[in-house]
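In what follows, a single structure is set out as structure tokens and then discussed.
The values are calculated or read from the model by the stated rules, or taken from the named source; none is laboratory data. What you see is a predicted model; the values in this text were computed from it and never measured. Cβ placement follows ideal geometry from the backbone for every residue including glycine, while neighbour counts extend to all protein chains displayed.
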Amino acid sequence: MLMDGKVGLIMGLANKFSIAYGISESLRKAGARLVFTSQTEYFKSKISEIAADFGGHEVILCDVSQDGDIERAFDSVVSAIGKIDFIVHSIAFSDKDELTGKYYNTTRANFLNAMNISCYSFTETCRHAKNILNEGGSIVTLTYYGSEKVVPNYNVMALAKAALETSVRYLAEDLGEFGIRVNAISAGPIKTLAASGVGEFSRILSYDRQRSPLRRNVTQQDIGDACTFLASDMSAGITGEILHVDCGTNIIGVKFDDSKS
Ligand code: NAP
């Protein structure tokens with residue numbers, strides 16, 4: 001199996017609808033062993049139940065907005081099971097009241113918080129990656145097409161994702177000398193807890209489905225399998241890449257609705 005003997009850390013699994021859940025399923029099927037983080041003690045037992053289904057170890061607390069939490073969490077992983085092979089960063093946050101209407105209404109507080117949790121946390125993850133990852137390790141984060149083109153209501157999250165994507169390139173250069181690869185998956189829309197905070201999300205879903213060359217939305221499995229590829233040695237020559245996993249929607253500029261012609 002592709003991931004036999006590999007161990008990885010999953011950051012950002014909230015529930016069975018999370019993209020991180022689909023990723024965990026795929027990695028597990030490919031033979032990987034998984035460790036999970038939880039932002040709060042409150043959700044830890046829920047995540048522990050899911051982790052147990054995946055044969056996971058103890059869930060480690062990590063609120064990425066708190067100074068020192070990522071480093072502490074990585075130290076706990078290394079003391080519990082030693083160095084690992086990959087990290088999946090599947091974390092983002094914005095006040096949902098600002099994921100609707102005009103972007104210019106974004107407050108300074110939410111701008112900074114969204115950037116901190118959704119972008120800076122990835123930089124910090126990569127800064128400590130050498131302490132937790134074996135040589136040849138892989139780090140994958142999640143982004144979205146709203147960073148490239150305007151998507152209604154995506155607002156401040158689009159800026160955070162644009163910064164995240166640029167981070168991927170700089171971090172890939174920084175970590176390349178240690179044999180560590182850094183990539184992102186630009187996932188098509190999927191109905192999750194975080195996504196349901198984006199205004200008119202169901203319209204984004206159906207618009208994407210109509211435009212997609214494959215005439216469908218992506219699934220958790222599509223994203224999970226692409227992430228397994230990026231976490232595996234099959235992608236050993238790929239770093240600094242933003243891989244679109246969106247049924248091809250991003251390649252479409254204009255699409256006529258034939259039913260109306
Ligand atoms: P999700 O299930 O709600 O996952 C978001 C995760 O971020 C949750 O586990 C949440 O933890 C965690 N998080 C937020 N603030 C945190 C903090 N301070 N410390 C640690 N963890 C924190 O939603 P999702 O859609 O799967 O999102 C995963 C990633 O995919 C995000 O980066 C998102 O932007 C990206 N993405 C999503 C879509 C989509 O359409 N769904 C498309 C492209 C990219 P709590 O539950 O404890 O708050």
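All but one of (1) within 14 Å of the ligand (Cβ to nearest atom); (2) among the β-branched types (Val, Ile, Thr); (3) modelled with pLDDT of 95 or more; (4) part of a helix (DSSP H, G or I) hold for Ile50, so report the exception by its number.
So the condition that Ile50 fails would be (3).
What tally of residues in the stretch 140-171 results from selecting those that are part of a helix (DSSP H, G or I) and either more than 14 Å from the chain's Cα centre (by Cα) or farther than 13 Å from Glu241 by Cα (or both)?
If we filter the stretch 140-171 for residues that are part of a helix (DSSP H, G or I), which is where we start, we get 145-147, 155-171.
Filter once more, so that each one left must be either more than 14 Å from the chain's Cα centre (by Cα) or farther than 13 Å from Glu241 by Cα (or both): 145-147, 155-163, 166, 169-171.
Of the residues in the stretch 140-171, 16 are part of a helix (DSSP H, G or I) and either more than 14 Å from the chain's Cα centre (by Cα) or farther than 13 Å from Glu241 by Cα (or both).
Taking only the stretch 179-201 into account, find how many residues are part of a helix (DSSP H, G or I) and either out of contact with any helix residue (DSSP H, G or I) (no Cβ under 9 Å at 6 or more places or on another chain) or near the ligand (Cβ under 8 Å from one of its atoms) (or both).
Pass one, the stretch 179-201, residues part of a helix (DSSP H, G or I): 195-197, 201.
Adding the requirement that they be either out of contact with any helix residue (DSSP H, G or I) (no Cβ under 9 Å at 6 or more places or on another chain) or near the ligand (Cβ under 8 Å from one of its atoms) (or both) leaves 195, 201.
Qualifying residue count for the region: 2.
Does at least one position in the stretch 234-251 carry a residue that is among the β-branched types (Val, Ile, Thr), part of a helix (DSSP H, G or I) and more than 16 Å from the ligand (Cβ to nearest atom)?
Yes, there is a match, as at least one residue in the stretch 234-251 is among the β-branched types (Val, Ile, Thr), part of a helix (DSSP H, G or I) and more than 16 Å from the ligand (Cβ to nearest atom).
I'm trying to understand the selection: among the residues of the stretch 53-110, which are within 15 Å of the ligand (Cβ to nearest atom) and of a type in the set (Lys, Arg)?
Correct list: Arg72, Lys96.
Being under 18 Å from Ala129 (Cβ atoms) and free of Cβ contacts under 8 Å to residues at least 12 places away in the same chain narrows it down to one of Tyr207, Tyr170, so name that one. Working first, answer last.
Details: Tyr207 fails: under 18 Å from Ala129 (Cβ atoms).
Of Tyr207, Tyr170, the one residue that is under 18 Å from Ala129 (Cβ atoms) and free of Cβ contacts under 8 Å to residues at least 12 places away in the same chain is Tyr170.
Please list, ordered by first then second residue, the pairs with beta carbon atoms under 6 Å, 6 or more apart or interchain, first in the stretch 12-31 and surrounded by fewer than 20 Cβ atoms within 10 Å (Cβ to Cβ), second in a helix (DSSP H, G or I).
Glu25/Gly224; Ala30/Thr228
Within the stretch 111-139, take every residue that is under 13 Å from the mean Cα position of the chain (by Cα) and within 11 Å of the ligand (Cβ to nearest atom) and give me the one that is farthest from Ile252 (Cα to Cα).
Thr125
Pick from Asn134, Asn116: which is touching a strand residue (DSSP E or B) at 6+ places or on another chain (Cβ under 6 Å) and either in a helix (DSSP H, G or I) or closer than 30 Å to Glu173 by Cβ (or both)?
Values: Asn116 fails: touching a strand residue (DSSP E or B) at 6+ places or on another chain (Cβ under 6 Å).
Only one candidate qualifies: Asn134.
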